[in-house]
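The values are calculated or read from the model by the stated rules, or taken from the named source; none is laboratory data. Given the structure is predicted, the values throughout are model-derived calculations rather than measurements. Heads up, the Cβs are rebuilt from the backbone with ideal geometry, glycines too, and the neighbour counts pull from every protein chain shown.
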Amino acid sequence: MWPKAPGESAWGPGCCGVGRWLEFKARLRFSAGMRREVKELVLDNCRSIEGKIKGLTDEFEELEFLSTINVGLTSIANLPKLNKLKKLELSDNRISGDLEVLAEKCPNLKHLNLSGNKIKDLSTIEPLKKLENLKSLDLFNCEVTNLNDYRENVFKLLPQVTYLDGYDRDNKEAPDSDVEGYVEDDDEEDEDEEEYDEYAQLVEDEEEEDEEEEGEEEDVSGEEEEDEEGYNDDGEVDEEEDEEDAGEEERSQKRKREPEDEGEEDD
């Protein structure tokens, strides 16, 4: 997903190679004024440099959703301060600690995905206790999930967490809205889609009206040309009218000649 204009929420190159990553960094560098308006940022599959994602700064002060899946992170110590961040995707990296940073940098975090990282024991996730608003935590494909009584112990350690790996304490699956996590702006997105549909329909109606007007003008001009060229309703030359006109001319010429002939006879 590439950067969008102000007023639109999501930024990010989605999946990128070296060339696109350099281009994306340039976009971040030259779009500093727009950073404050961004609410979603997707940097999946981009490469971090020494544990940092260049261009990702605390200037993204309105950011609510950040996805850095498979970017090669070994630590989140360099994460900028993002007070409004609600959902953080960190899956498929090599993170093994430093989770205490999250309470300091992202105090309002509600949904955290650490699947596919090098988290081996409960002590590593213990700092998450300070995230008082944390509602869902994903640790799929982490070694910690192989521990005895893993789920029970995590819920004891983090009592504020409602869903662990998509299920609550009673092994009931989280509703889709909670699994997806970031759903706060669904109503706004629906309104944007409705506005877009209305605008698209308006444009379509105007185009149809223009086409109808052009069609009417063509019909009128076509009728005028047919009248001028002597075409009948079937689009053929009206031969009957031509014959009548020729007959009238012959009769008028005869009438002119008859008086002249009478004058010659009198002489």
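Observations on the structure shown:
- A count restricted to the range 29-50 and to residues that are buried (at least 16 other Cβ atoms within 10 Å of the Cβ) and at positive phi stands at 1.
- The condition of being under 23 Å from Thr162 (Cβ atoms), touching a residue at least 24 places away in the same chain (Cβ under 8 Å) and outside any loop (DSSP other than H, G, I, E, B) holds for only one of Leu85, Leu102, that being Leu102.
- Filtered by the rule that a residue be over 23 Å from Lys81 (Cβ atoms) and either in contact with a strand residue (DSSP E or B) (Cβ under 7 Å, 6 or more places away or on another chain) or assigned to a helix (DSSP H, G or I) (or both), the range 108-137 gives Ser115, Leu122, Ser123.
- Which numbered condition Leu28 misses (of (1) modelled with pLDDT under 90; (2) closer than 24 Å to Cys142 by Cβ; (3) in contact with a helix residue (DSSP H, G or I) (Cβ under 8 Å, 6 or more places away or on another chain)): (2)
- Any hit, the range 119-126, residues being in the same structural domain as Ala103 (by TED's automatic domain parsing), modelled with pLDDT of 95 or more, in contact with an Asp or Glu (Cβ under 9 Å, 6 or more places away or on another chain) and of a type in the set (Lys, Arg): yes
- Criterion (of a type outside the set (A, V, I, L, M, F, W, C), buried (at least 21 other Cβ atoms within 10 Å of the Cβ) and either over 18 Å from Glu50 (Cα atoms) or out of contact with any Ser or Thr (no Cβ under 6 Å at 6 or more places or on another chain) (or both)) met by exactly one of Asn93, Asn83, Asn78: Asn93
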